[in-house]
Each structure stands twice: as structure tokens, then as C-alpha cells.
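S.K.: This is the structure, below, for whatever I ask next.
The values are calculated or read from the model by the stated rules, or taken from the named source; none is laboratory data. Just so it is clear, the structure is predicted and the values come from calculations on it, not from any experiment. Neighbour counts run over all protein chains shown; Cβ positions are idealised from the backbone, glycine included. Just the protein is used for accessible areas: all its heavy atoms, side chains included, with ligands, DNA and RNA removed. Shrake-Rupley method; radii C 1.70, N 1.55, O 1.52, S 1.80 Å.
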There are 2 protein chains.
Amino acid sequence: MSPLRIAIVGFGKIARDQHVPAIAATEGAVLAAVASPNTSLAGVPQVATLEELLRNGPPFDAVALCTPPQVRRDQAAIALAAGKHVLLEKPPGAMLSEIGPLLTAAVAARRTLFATWHSRVAPAVEPARLLLAGRRITAVRISWKEDVRVWHPGQAWIWQPGGLGVFDPGINALSILTRILPQPLFVTSADLAFPANRDAPIAATLRLADAAGLPIFAEFDFRQTGPQSWDIHLDTDQGPVILSSGGAKLSAGGVQHVVAAAAEYAGLYRRFVELTATGEPDVDLTPFQLVADAFLLGHRRTVEPFEDAT
Amino acid sequence: MSPLRIAIVGFGKIARDQHVPAIAATEGAVLAAVASPNTSLAGVPQVATLEELLRNGPPFDAVALCTPPQVRRDQAAIALAAGKHVLLEKPPGAMLSEIGPLLTAAVAARRTLFATWHSRVAPAVEPARLLLAGRRITAVRISWKEDVRVWHPGQAWIWQPGGLGVFDPGINALSILTRILPQPLFVTSADLAFPANRDAPIAATLRLADAAGLPIFAEFDFRQTGPQSWDIHLDTDQGPVILSSGGAKLSAGGVQHVVAAAAEYAGLYRRFVELTATGEPDVDLTPFQLVADAFLLGHRRTVEPFEDAT
């Protein structure tokens, strides 16, 4: 079978750091082009926009949309209409209701729509899921705290409507949580801290539960200097389980489990190549629905204005 | 077949004004009890809570939950666990993610979960849907403006997280819109005005679209004194269509269509009796998802504090 020729649309940090090496490492995938107004990659054809790519670019079969979530729906619709498969970075869009029509269009065109959740393929997530399947979980605490100036420098879109603010990393925690716990979860309360000059929260606390009342507490904070944390602590009937470093490390009963290092994005592209063979979709909106519920239900507080480092 | 014995839980304005006469008018339905801490109805057994109803009340088959949305999930879960059918007033809960587990529990127990949208059974909605099915719609404008002090006096819950504020009536407009337009719709932008002392918006504007770019503009306002409006204007290739008075009136081409008056809630209870015969669920979350998206995507403005009339 000829390889899947992928065009990356939007060539920011995540595209350069993760998507380019992952495509290079994936059998059956090849990087065909980059669409970006102002960034290029040596040896790869570059055009400014998706529209120009379709008009004048090299042939390709699929797009990986690495643009900000607010513009992805239009791009996905254009790509699907042109008969291309579509991989969406997380979150899959700026809001829930735009995904349904895209999925309908993809299924009608027999093209794959793949809403990725890269944290779900972090190396310790599947071992954690298997470990927890044999235990009774009694409480969950999530601490997802990072310095936005380090990890999202100058990303204006993250503060605009649809950019999610601190839920942009927080949704990674929720994507892991909803993978390692099989039962449906829902938000019971949320507190959202909005900088006075921004349209997205800089910090949030959430309480979630399942139908049996499992207490889940999550703290998301973009103002963390010093040690950063991307950790999920689970109390179980057989002792604590800690999934840390964004899903890269697993410890249980004080013992650090050895987890083979694996690149998250390579797992995503293997899956994408598989899906496109039949045009099957893979769209799970569960983490996004929890975020929407936090915004819907959240108590809003205004906190001091946030200014990016200059 | 013996009639469906219904207990109304929560006995506020909507229960007294709408549910009681609708049950009385519905063949195959009978009001068995009222659960309310401080309101009763002559001739009908009354207890304070759902729990007491289950312990000490008369026998019944189903509950109609007319309590504020923030407490309905727990009540629905208790009622389903006790083998009762459940009718939910709109909106079906305080957030999207709590509905999935309830639906799972209902299906497993072969009991009906019915998420009602009373405006969808307003008398002119089905005639409007049929009329529009033969036309091309080019633009939609929704004006849903009412005086909160007149229609929601002293309803503190409406301003609390999960109470939706002006989206409590606004979701009625969205429930009609998503019934009369067959294609999926999504929110493209929203502006939300939060009173400085409240956790829910007092006014909102929304722009929505379909995959083909149909422009839909909605204005919701709780501060409307003087004439109230619950109107949907549709421009079509065969002239304007106006669905007004909350779905009670229809005019097209300047001609007022005669629509037989019909009580919205009687239609809901007829449907509930039908559904419970087989235990089939009826849960459409589309209007609620649009509201969640408006909160997720909305630009937030703080406006002057709101104080209820005293």
C-alpha cells in the first residue's frame, strides 16, 4: 500500500516538536507538505494556507490540523469536502456542537475524522488502566499545574473565546481520567478564575463524581512557577496509585513501575494510518464535554490581569 | 391498562400552572402524590421529599421532576433505582455529563427517562416545521426577551451555577430552532452579560450557523420591560416566516396561519404515557449542548448587579 501523504496545517511548537518526528517514525506515513504563513521545514514543500495547498500544492491524502482550535472547524470542513482524511489536535474544536456536522460529513465521504487525545497514549496510561481494572478506587486527586509563560509563550489564542485557558492542558488530565476509569463521570461543581483582561480562565478547581459518588478533585493552574505537576493520585482498596509526569510514570504501593518510554504522537499516527485504511472515524468527546460542563456550571471569579512576558 | 400513577416532585409555579392540569387532561395518567416541603394540593397526598414518598407515600409508577435543575440528577437516580419512570422538566439537568449515567441506568432498568422540551410541543411548532421543510432558509433571527421579575420572581436557583440565567427561557427558543431546522447547528460566537453579583447571565447574544453557513442570530434578555418577545423570524426563498409567542403563532407571507390551540404540557404527558408502556427513553440533548457551547465560547461582560424585586 502506498504511504499516507500527510500535510500539516499550522506549524507552531506542537507541530514542530511532536508531529514532524512522529510522522517520520510512523510506517505508512509521510510528510507531504506544510501549510503555514510564516514557518517552513527544510526539504518539505510549503504553502501559506490549506486553500493554497489544495490549489497549488503537491498531492496529499490527509491533513493534520495543528492550528488553534478556533479555526479548525472551517479547515476540517474544507479538507473533508476535498476528500482528505482529517486528524484534529486536541481539543477537537472550539466547542462541542461543531463536531457533529464534521463527523456526519466525514462518514458520508468515507474519510477518517480522528479527534486525538495525545495524553491518552502517554506510556504509563494503558498500564495504569490495566492495574486499576482490578481495584476499587475510593478517591481521585488531580494536580495539573504549569507555568503558562514557559509552555504557551505568546499564544494569544489560548486566552480568546474557545481557547480554553488553563483547560487547554487540563483537558489532557481529563482525557487520561476518562480513559483509566471505565464508568461515566460528571462535574458536580467548578470554580473558574478569569483574569480581568482575558476571556479564558487562568486557574480552575473541579469536583467530579461517578454515579456511585466517587469523589474526584482536580486543580488546574497556569500560574505555577518552580516545580510543575501533571499528576493523578488515586486511592484504591490496595493502596495508592500515582500516575505522574503527564502519564509518563506510574507508581503503586510506593513501587515505581518501569514503563517503556514511548512517544505519544507516534502512537497517534499509527492509529491514524490504521483508521484511514477503511475511513473509520475515531471521535470521543467525553473530555471536552466535561470541560464544557465546567464552564456551564462554574462559579466565576475575576482575578488580576494576566500579561504575557514581553 | 391501569393508569400511570405520577408523583410530582417539586411544586413550584410550573408544576401548579402546567403539570397538574396536563396530568388531569391526559388519558392514562393520574396524579398520585406531590412531594414538596411546603406546598400541597387539595385532595392529593402530600409528603415533603422524594425519599419520604418512597418510604411512606401512596403507590406510584413515575415521577415528574419539577425541582430546580441542580438537584434533579440525584432525584432521578433515586427514582430510577426504585424502579420508577422519570420525566425531567427542561433543562434536563445542571450539566450535560450527568445525563449519560442516568440514561444508562434507565435503559438497564427498562424504565423511561424523558427529557422534555415543552416549547417543542407548542401548537405552531409542528406546522412551522412542515411549512419550512419545503423552503430554503436564508437567515434566522431569534428575539427572546422577558422580564425576569415577572416570570421568575424570587427564583434564586436561576442565578446560581447550573441555573442558566437567561438561558433558562433561551433554551426554549433553541429547542424550537433545533426542531424546525433538520440540519445540525453550532455556535460560532456568544456574548454573555453577567450581573456583578450573580453566577449566571442576565442577557446574551449568540451567533449560530449550519455547515452551509446559514446565519442565525439570537438575542436573549431578562431585562425586558414593556412588550415581551418570544419570536423566531426566518427569511426564506418564499418570503418571511414568523413563529411568535413562544411557538403559539405562525405567520408566513403576512398571513396569520390559524393554529388550533393546544396545551403544550398535555402533549408531553401523552408522550410520557406512550413511552412508559415500553420503557423507551426520549433524551435529546441538542439544545442543552448549544447552551453549554455558548458558555464555553462566550465572551463574558460584567454588568450592573441584579436585585430581585422585594
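S.K.: Hey, can you grab everything whose amide H is under 5 Å from the amide H of B:Ser189? Only 5+ residues off in sequence or another chain; H modelled, so Pro and N-termini drop out.
M.R.: Excluding prolines and chain starts, which carry no amide H, the hits are B:Arg207.
S.K.: Tell me the label-point distance for the pair B:Glu274, A:Val44, using the 7 Å Cα-to-Cβ offset, in nm and rounded to one decimal.
M.R.: 5.5
S.K.: If you don't mind, another one. Note the angle between two axes, namely the Cα long axis of helix A:264-278 and the longest principal axis of the Cα atoms of chain A, as a number of degrees from 0 to 90, rounded to the nearest 10.
M.R.: Orientation of helix A:264-278: about 50 degrees from the principal axis.
S.K.: Further question on the same structure: Please turn the phi angles of region A:297-305 into ³J(HN,Hα) values with the Karplus equation 6.51 cos²θ - 1.76 cosθ + 1.60 (θ = phi - 60°), one per residue in order, whole Hz, x for glycine and proline.
M.R.: Karplus values, whole Hz, x for Gly and Pro: 9, x, 6, 9, 10, 9, 10, 4, x.
S.K.: Here is a further query. Nearest 500 deg cm²/dmol is fine: what mean residue ellipticity at 222 nm does chain B get from its DSSP H runs of n ≥ 4 alone, each adding -39,500 (n - 2.57), divided by its residue count? Before the final figure, lay out the partial values.
M.R.: Numbers: 9 runs with 91 residues, N = 310.
About -8500 deg cm²/dmol.
S.K.: I would also like to ask the following. Report, in whole Å, the centroid distance computed from the Cα atoms of region A:46-116 and region A:156-185.
M.R.: 21
S.K.: Only Lys, Arg, Asp and Glu count, each charged at its Cβ (+1, +1, -1, -1), so figure out the dipole size of chain A about its Cα centre, rounded to 20 debye.
M.R.: The dipole of chain A has a size of about 300 debye.
S.K.: So, one more: Could you name the aspartates and glutamates in cross-link range of B:Lys249, using Cα to Cα under 16 Å and dropping any fewer than eight places away on the same chain?
M.R.: B:Glu126, B:Asp231, B:Glu264
S.K.: Quick one: how many Å² of A:Trp151 are accessible to a 1.4 Å probe, rounded to 10?
M.R.: Spelled out: A:Trp151, probe radius 1.4 Å, area about 100 Å².
S.K.: Cross-link candidates for A:Lys13: which lysines have Cα within less than 17 Å, leaving aside residues fewer than 8 places away along the same chain?
M.R.: Correct list for A:Lys13: A:Lys90.
S.K.: Where the only charges are on Cβ atoms (+1 Lys, Arg; -1 Asp, Glu), what is the dipole of the protein assembly as shown about its Cα centre, to the nearest 20 debye? Each step should come with its number before you reach the end.
M.R.: Numbers: 52 positive and 58 negative charges, 121 e Å.
That gives a dipole near 580 debye.
S.K.: Okay, moving on. List, in order, the whole-Hz ³J(HN,Hα) value for each residue of region A:142-150 obtained from phi through the Karplus relation with A = 6.51, B = -1.76, C = 1.60 and θ = phi - 60°; use x for Gly and Pro.
M.R.: Listing the rounded values in order: 10, 10, 10, 10, 9, 8, 4, 5, 7 Hz.
S.K.: Can I ask one more? At R0 = 22 Å, how high is the FRET efficiency between A:Asp284 and A:Glu27 if r is their beta carbon distance? Nearest 0.05 is fine. Walk me through the numbers before you get to the answer.
M.R.: Details: r = 25 Å, r/R0 = 1.13.
After rounding, the FRET efficiency stands at 0.30.
S.K.: Compute a Gaussian network model of chain B, connecting alpha carbons closer than 10 Å, and tell me which residue from B:Val150, B:Val121, B:Val30 fluctuates the most.
M.R.: Sorting by GNM fluctuation, first place goes to B:Val150.
S.K.: Between B:Glu52 and B:Ser2, what length in nm is gained on full extension when 0.36 nm per residue of separation is reduced by their alpha carbon distance?
M.R.: Details: separation 50, 0.36 × 50 = 18.00 nm, distance 2.42 nm.
Going from the current span to full extension adds 15.6 nm.
S.K.: Going highest first, how would you order B:257-269, B:3-15 by mean Cβ packing within 10 Å?
M.R.: Values: B:257-269: 16.7, B:3-15: 20.5.
The peptides rank, most packed first, as B:3-15, B:257-269.
S.K.: Related question: Give the accessible area for A:Glu98 in Å² (nearest 10); use a 1.4 Å probe, count only protein heavy atoms, and leave out ligands, DNA and RNA.
M.R.: 10
S.K.: Out of all DSSP beta bridges in the protein assembly as shown, what portion is antiparallel? Express it as a percent rounded to 5.
M.R.: In the protein assembly as shown, approximately 50 percent of DSSP beta bridges are antiparallel ones.
S.K.: Efficiency by 1/(1 + (r/R0)^6): what FRET value for B:His233 and A:Arg135, r their Cβ-Cβ distance, R0 = 56 Å, to the nearest 0.05? Write down the numbers at each step before the final one.
M.R.: Details: r = 57 Å, r/R0 = 1.02.
Between B:His233 and A:Arg135 the formula returns 0.45.
S.K.: Could you order A:Asp61, A:Asp168 so the one with the most accessible surface comes first? Probe is 1.4 Å.
M.R.: On the way: A:Asp61 40, A:Asp168 10 Å².
Ranked list, largest accessible area first: A:Asp61, A:Asp168.
S.K.: A further question on this structure: Could you state how much accessible area B:Ser251 has, in square angstrom rounded to the nearest 10, with a 1.4 Å probe and all protein chains kept in place?
M.R.: 20
S.K.: Which of the three applies to region A:220-270, rounded, prolate or oblate, going by the alpha-carbon gyration tensor with a ≥ b ≥ c and a/c under 1.5 meaning rounded? Walk me through the numbers on the way to the answer.
M.R.: Details: a/c = 2.15, a/b = 1.09, b/c = 1.96.
It is oblate, given that a/c is not under 1.5 and a/b is not larger than b/c.
S.K.: Something else now. Over chain A, calculate the relative contact order: mean separation of alpha carbon pairs under 8 Å at least 6 apart, over the residue count, as a percent.
M.R.: On the way: 665 pairs, mean separation 62.9, N = 310.
Relative contact order comes out at 20 percent.
S.K.: So, one more: Select from B:Leu131, B:Leu290, B:Leu164 the residue whose mean-square fluctuation is largest in a Gaussian network model of chain B (Cα-Cα springs shorter than 10 Å).
M.R.: Result for chain B, Cα springs under 10 Å: B:Leu131 fluctuates most.
S.K.: Still on this structure: Starting at the first residue of region A:163-180, write each ³J(HN,Hα) from the Karplus equation 6.51 cos²θ - 1.76 cosθ + 1.60 with θ = phi - 60°, in whole Hz, x for Gly and Pro.
M.R.: With coefficients 6.51, -1.76 and 1.60, one gets x, 6, x, 5, 6, 4, x, x, 5, 5, 4, 5, 5, 5, 3, 6, 8, 7 Hz.
S.K.: Now for a separate question. Compute the FRET efficiency between B:Arg207 and B:Gln183 as 1/(1 + (r/R0)^6), taking r as their Cβ-Cβ distance and R0 = 22 Å, and round to the nearest 0.05. Mind dumping the intermediate values first?
M.R.: On the way: r = 16 Å, r/R0 = 0.74.
My answer for the efficiency is 0.85.
S.K.: What nm distance separates the two modelled labels at B:Arg16 and A:Arg149, each placed 7 Å from Cα along Cα→Cβ?
M.R.: Computed distance between label sites B:Arg16 and A:Arg149 equals 5.8 nm.
S.K.: Within 10 Å of each Cβ of A:78-86, how many other protein chain Cβ atoms are there on average? Intermediate values should be presented prior to the final figure.
M.R.: On the way: counts 0, 0, 0, 1, 0, 0, 0, 0, 0.
Averaged over the peptide's residues, the number is 0.
S.K.: Can you give the mean number of other chain Cβ atoms that lie within 10 Å of the Cβ atoms in peptide B:287-294? Present the calculation step by step, with values, prior to reporting the outcome.
M.R.: On the way: counts 0, 2, 7, 3, 3, 12, 10, 5.
Per residue, the average neighbour count from other chains is 5.
S.K.: Let me ask you something else. Only Cα pairs within less than 10 Å get springs; with that Gaussian network setup on chain B, which residue of B:Ala294, B:Ala203, B:Ala139 has the largest fluctuation?
M.R.: Result: B:Ala139 has the largest fluctuation of those listed.
S.K.: OK, next. Would you mind giving the mean number of other chain beta-carbons within 10 Å of the Cβ of each residue in B:295-306, as a whole number?
M.R.: Numbers: counts 8, 17, 15, 5, 3, 8, 0, 4, 0, 0, 0, 0.
Taking all residues of B:295-306 together, the mean is 5.
S.K.: Once you sort the root eigenvalues of the Cα gyration tensor of region B:105-184 as a ≥ b ≥ c, which label holds: rounded (a/c under 1.5), prolate (a/b larger than b/c) or oblate (the other case)?
M.R.: Values: a/c = 2.37, a/b = 1.17, b/c = 2.03.
It is oblate, given that a/c is not under 1.5 and a/b is not larger than b/c.
S.K.: For chain B, rounded, prolate or oblate, judged on the Cα gyration tensor with a ≥ b ≥ c (square roots of eigenvalues), a/c < 1.5 rounded, else prolate if a/b > b/c?
M.R.: Values: a/c = 1.74, a/b = 1.39, b/c = 1.25.
The shape class here is prolate.
S.K.: In nm, to one decimal, how far is the A:Val303 label point from the B:Ser245 one, both placed 7 Å along Cα→Cβ?
M.R.: The two pseudo-label positions are separated by 5.1 nm.
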